[in-house]
Structure formats: C-alpha cells, structure tokens
Amino acid sequence: MDLMKAIFTRRSIRQYTTQLVTKEELATIIHAGQAGAPSGGSYDLYRFTVITRPELVRQFANTYHAPAVIVISVQTDQLRHSKYVSAGTMVENMALAAENIGIGACMNMSALPEIPPRIIPEGQPPLICLTLGHCDEVLAPREVPTNRILTNFID
Ligand SMILES: Cc1cc2nc3c(=O)[nH]c(=O)nc-3n(C[C@H](O)[C@H](O)[C@H](O)COP(=O)(O)O)c2cc1C
C-alpha cells in the first residue's frame with residue numbers, strides 16, 4: 001500500500017473478529033516497530049512483549065478482546081518524555097504496518113495497568129501497547145482537514 005494511503009486509511013479499530021493474528025503477520029508488524037527511532041539510538045533499552053495466549057488476553061478488560069497485544073516497555077529508572085516519544089515512533093510504525101496487511105490496530109494506554117507485571121521484564125515499565133486483530137470493516141482513506149491541528153509557520 002502507498003504510504004500516504006496507509007496514513008490516511010489507518011484508524012483505531014476496537015472491534016475484532018475471532019480470527020487470530022498469525023505469527024507471520026505479527027513478525028511483519030514487529031519488524032516495522034524495530035524501524036522506529038529511539039532517542040539516542042538506544043534500541044537495546046526497549047522491549048516488545050507480544051501477548052497472544054488466549055487465557056491471558058481474555059483477562060484484559062480494556063483491550064477490546066483483541067487476539068494479540070504488543071506492549072512496548074523500556075528499561076529505565078527515570079521515565080522521561082523522550083522514552084514515550086520513542087515508543088510512539090515504534091507503535092505508529094507498527095500500526096501502519098498492520099494497516100498495510102489488513103490488520104486492525106489500536107494504540108492503548110488504558111490497558112497498561114492490567115498487564116501482569118510478571119510478563120514484563122523487571123525494571124522495564126510499559127509505555128504503550130497496541131491491540132491487534134482482524135476487523136470486518138473495509139477501511140477507506142479519510143478526509144483529514146488540513147487545519148485539524150493548528151499549524152504556525154514562522155517564515
Ligand atoms: C498515546 C495514545 C494512547 C491511547 N490510548 C488509548 C486507549 O487507552 N484506549 C483506546 O481505545 N484508544 C487509545 N488511543 C487511541 C486514540 O483514542 C485514537 O487514536 C484517537 O481517538 C484518534 O482516532 P484514530 O486513531 O481512529 O484516528 C490512544 C492513542 C494514543 C496516541
């Protein structure tokens with residue numbers, strides 16, 4: 001899919017079918033996340049935890065029964081803005097890659113407190129997660145107003 005088309009077609013999907021996300025689909029999405037840009041090139045601080053175990057994903061109340069959830073966490077004792085921004089680059093890449101292969105996705109912070117600490121490496125707080133699954137809707141590019149986010153030009 002053309003990049004601009006993917007950008008304008010992507011939207012938060014919160015209703016998933018029961019179809020599972022395959023290992024190959026997850027690998028494609030995770031690979032795109034690997035291309036995200038962490039502050040200072042510190043890739044080794046970040047961790048993706050991919051949760052597909054049915055009895056685990058079923059426990060989450062805030063993930064819309066998505067069959068797969070990817071959690072981005074970071075090894076740190078000081079959560080700075082740059083860590084969240086870095087995770088944002090990774091999760092947006094993953095969301096676009098999901099869109100590109102016809103998988104619905106939704107970025108999610110409200111589910112973070114539900115993630116059992118035992119499945120995330122110690123000392124690596126989760127920053128954001130991405131819920132993933134198939135959806136019944138056929139998505140079309142959206143009309144996005146060019147002034148939706150007020151933009152100041154300093155010429
Ligand atoms: C940092 C961040 C956190 C978010 N957390 C949640 C969340 O906890 N639950 C949820 O349903 N959507 C969450 N979203 C999705 C936003 O609500 C959604 O992107 C916004 O409503 C715009 O809709 P769109 O993605 O369809 O364009 C989050 C998005 C971002 C960027």
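The values are calculated or read from the model by the stated rules, or taken from the named source; none is laboratory data. Every value quoted in this text rests on a predicted model; they were computed, and no experiment measured them. As a convention, Cβ positions derive from the backbone with ideal geometry for all residues, glycine included, and neighbour counts pool all protein chains shown.
So here's what we get for this one:
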| quantity | calculated |
| --- | --- |
| Residues that are at pLDDT 95 or above and either of a type in the set (D, E, K, R) or over 17 Å from the mean Cα position of the chain (by Cα) (or both), drawn from segment 19-43 | Gln19, Lys23, Glu24, Glu25 |
| The lone exception for Thr52 - which of (1) free of Cβ contacts under 8 Å to residues at least 12 places away in the same chain; (2) closer than 18 Å to Thr131 by Cβ it fails | (1) |
| Residue that is farthest from Pro67 (Cα to Cα) [pool: residues in segment 10-24 that are within 16 Å of the ligand (Cβ to nearest atom) and out of contact with any helix residue (DSSP H, G or I) (no Cβ under 6 Å at 6 or more places or on another chain)] | Arg11 |
| All positions within segment 88-123 that are within 9 Å of the ligand (Cβ to nearest atom) and either more than 21 Å from Arg58 (Cα to Cα) or among the aromatic types (Phe, Trp, Tyr) (or both) | Gly88, Val91, Glu92, Ala95 |
| Hey, Glu137 under 20 Å from Ser12 (Cα atoms), within 11 Å of the ligand (Cβ to nearest atom) and of a type in the set (Asp, Glu) or not | no |
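One line per residue, one yes/no per condition, for (1) within 14 Å of the chain's Cα centre (by Cα); (2) at pLDDT 95 or above; (3) closer than 18 Å to Gly33 by Cα; (4) of a type outside the set (D, E, K, R):
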site: Leu45; (1), (2), (3), (4): no, yes, yes, yes
site: Ile72; (1), (2), (3), (4): yes, yes, yes, yes
site: Arg80; (1), (2), (3), (4): no, no, no, no
site: Gly88; (1), (2), (3), (4): yes, yes, yes, yes
site: Glu137; (1), (2), (3), (4): no, no, no, no
